[in-house]
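Inspection log for the structure reproduced underneath, given as structure tokens.
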Amino acid sequence: MAPPGVCACLGIRGWGHVFFLLVLKGKGKGGMSETQKILIVDDDPIMIRLLEKHLVSAGYSLLKASNGADALQLVTDKGPSLVITDWEMPQMNGIELCRAVRSAEGVGLTYLIILTSHSDKKRVVEAFEAGADDYVAKPFDRGELLARVKAGMRVVEAEADLARRNLEIHKINAELAILNDKLEQIATTDELTGLANRRQAMDRLTEYWETSQRYQQPIACIMIDLDHFKQVNDTYGHDAGDVVLRQMGQLLTRYTRLGDLACRLGGEEFLVLCPHSTVEAGRIVAERLRQNVESVPITIGGKQLKITISLGVAQRTADICSKDDLLKSADRALYQAKHEGRNRVCVSNPDGCRHLVDSMVSGVVRAVATTQTD
Ligand code: GH3
Ligand code: MG
Ligand code: MG
Ligand code: MG
């Protein structure tokens, strides 16, 4: 289906008549008067008067031209739905007019009927090939002419209707695409901070992980947790806690590198994914984050609140064979940072788990020894 403004040539076959009807398909602007405007083209004023009489009495509004060139101009300027043109005319004849209308830019939905005394089949074929939709033999019968015009108008209206529906479908599709983008955005963004959410973080980690394996590149991640955040909520209220979380989102965006992805995993836990990065590069990013959070106090209810974070950094190594292991490794390092006193960065090592257990065991041993001494 041709969209509005694009011509489509519809052939209506089977009548052995001599006039050709050039039908202009409606512009799809809506409204009967718009789609029922007819242009009549003939160099014979008597024929023009005769056509005018029949068509006006049938309720059509008319445009008139005495040659093909003027007719083409009217088609372009006024956009009639249907054209009835004589075949033989000086300068530009009916066949040339059909071709010109069909190749004209921006002329849409125009049904062409040609009136002709050339009744032989070759001429009829020539007319259709030039772009005519129908033809009527001269001398014509009033009833037949009006019946063909009416049939042409039905085609014009059906095409205009289809074009309108197509346009609506395009519009709906465009709106759906925008809505889908918004949904995608909502589904992958953390509402409070505007950072990527857990879902996006996991999707991206899968991508980064696969690339890192395929090209044997390093990949690091930083697990972050706010220190004693419960106290902020308990002391200043949940809304104040939300302000702190939003500020964390801004700091993470500002102090992570281009190409890194900062996410809020949930609650007061954040994650930074650092593709193409070693654990050392990740540690530098983590330390910069820690220092900036510590040094930028947050004003809540006129009070300056100092917030700190603990961070665990891990890198893909030979014994970390899945992305879950990478996250667990960073989590262990974070746990160690908490255990060692918070507000610090700990880096995971291949036997980080054993290290942590060792340090916890020695802590317990110390505590027991102290109790016994007391
Ligand atoms: P730690 O240093 O050991 O991490 O202590 P913490 O108090 O930060 O950790 P804990 O897990 O005990 O408390 C986390 C708190 O985070 C409890 C919960 O109320 C708060 N929290 C989680 N999600 C939100 C949120 O969306 N908004 C606010 N305001 N608070 C939240
Ligand atoms: Mg003529
Ligand atoms: Mg936590
Ligand atoms: Mg915490």
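The values are calculated or read from the model by the stated rules, or taken from the named source; none is laboratory data. Bear in mind that the values here come from a model prediction, so they are computed numbers and not experimental data. Please note: Cβ atoms are built from the backbone with ideal geometry, for glycine as well, and neighbour counts cover all protein chains shown.
Out of Phe140, Phe128, report the one residue that is surrounded by fewer than 24 Cβ atoms within 10 Å (Cβ to Cβ) and more than 20 Å from Gln36 (Cβ to Cβ). Break it down into steps so the answer makes sense when it comes.
Details: Phe140 fails: more than 20 Å from Gln36 (Cβ to Cβ).
Of the residues listed, the single one that is surrounded by fewer than 24 Cβ atoms within 10 Å (Cβ to Cβ) and more than 20 Å from Gln36 (Cβ to Cβ) is Phe128.
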Of all residues making up segment 87-102, the number that are outside any helix (DSSP H, G or I) and either surrounded by fewer than 24 Cβ atoms within 10 Å (Cβ to Cβ) or among the charged types (D, E, K, R) (or both): 6
Residue check, Gly259 within 16 Å of ligand 1 (Cβ to nearest atom) and under 25 Å from the mean Cα position of the chain (by Cα): no
Elements of type helices (runs of 4 or more DSSP H) contained in segment 126-236, each with 1 or more residues being under 30 Å from Arg344 (Cβ atoms): 198-214, 229-236
Cβ pairs under 6 Å, 6+ apart, first in segment 146-165 and within 17 Å of Lys37 (Cβ to Cβ), second of a type in the set (Asp, Glu): Arg148/Asp134
Tally, over segment 62-110, of residues that are among the β-branched types (Val, Ile, Thr) and at positive phi: 0
Of all residues in segment 54-86 being part of a helix (DSSP H, G or I) and among the β-branched types (Val, Ile, Thr), the one that is nearest to ligand 3 (Cβ to nearest atom): Thr76
Which listed residue, of Gly301, Gly341, Gly266, Gly282, is within 15 Å of ligand 1 (Cβ to nearest atom) and within 15 Å of Met223 (Cα to Cα): Gly266
Residue match in segment 116-123 (condition: at pLDDT 95 or above and either under 22 Å from the mean Cα position of the chain (by Cα) or closer than 24 Å to Tyr60 by Cα (or both)): no
Residues within segment 289-306 that are closer than 15 Å to Arg344 by Cα and either in contact (Cβ under 8 Å) with a residue 60 or more places away in the chain or outside any loop (DSSP other than H, G, I, E, B) (or both), tallied: 7
Members of segment 255-278 found to be part of a strand (DSSP E or B) and of a type in the set (Asp, Glu), listed by number: Glu269
Of all residues in segment 35-53 being crowded, with 18+ Cβ neighbours inside 10 Å and outside any strand (DSSP E or B), the one that is farthest from ligand 2 (Cβ to nearest atom): Thr35
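Please work out if Leu252 is assigned to a strand (DSSP E or B), under 25 Å from Lys323 (Cα atoms) and either within 16 Å of ligand 1 (Cβ to nearest atom) or not hydrophobic (A, V, I, L, M, F, W, C) (or both).
Against the criterion (assigned to a strand (DSSP E or B), under 25 Å from Lys323 (Cα atoms) and either within 16 Å of ligand 1 (Cβ to nearest atom) or not hydrophobic (A, V, I, L, M, F, W, C) (or both)), Leu252 does not qualify.
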Qualifying positions in segment 54-75 - under 45 Å from the mean Cα position of the chain (by Cα) and exposed (fewer than 15 other Cβ atoms within 10 Å of the Cβ): Ser61, Gln73
Residue count, segment 250-276 (criterion: under 12 Å from Asn197 (Cα atoms) and more than 16 Å from ligand 3 (Cβ to nearest atom)): 2
Residue that is part of a helix (DSSP H, G or I) and small (Gly, Ala, Ser), where the choices are Ala318, Ala286, Ala314: Ala286
Residues that are free of Cβ contacts under 8 Å to residues at least 60 places away in the same chain and more than 10 Å from ligand 3 (Cβ to nearest atom), drawn from segment 221-238: Gln231, Asn233, Asp234, Thr235, Gly237, His238
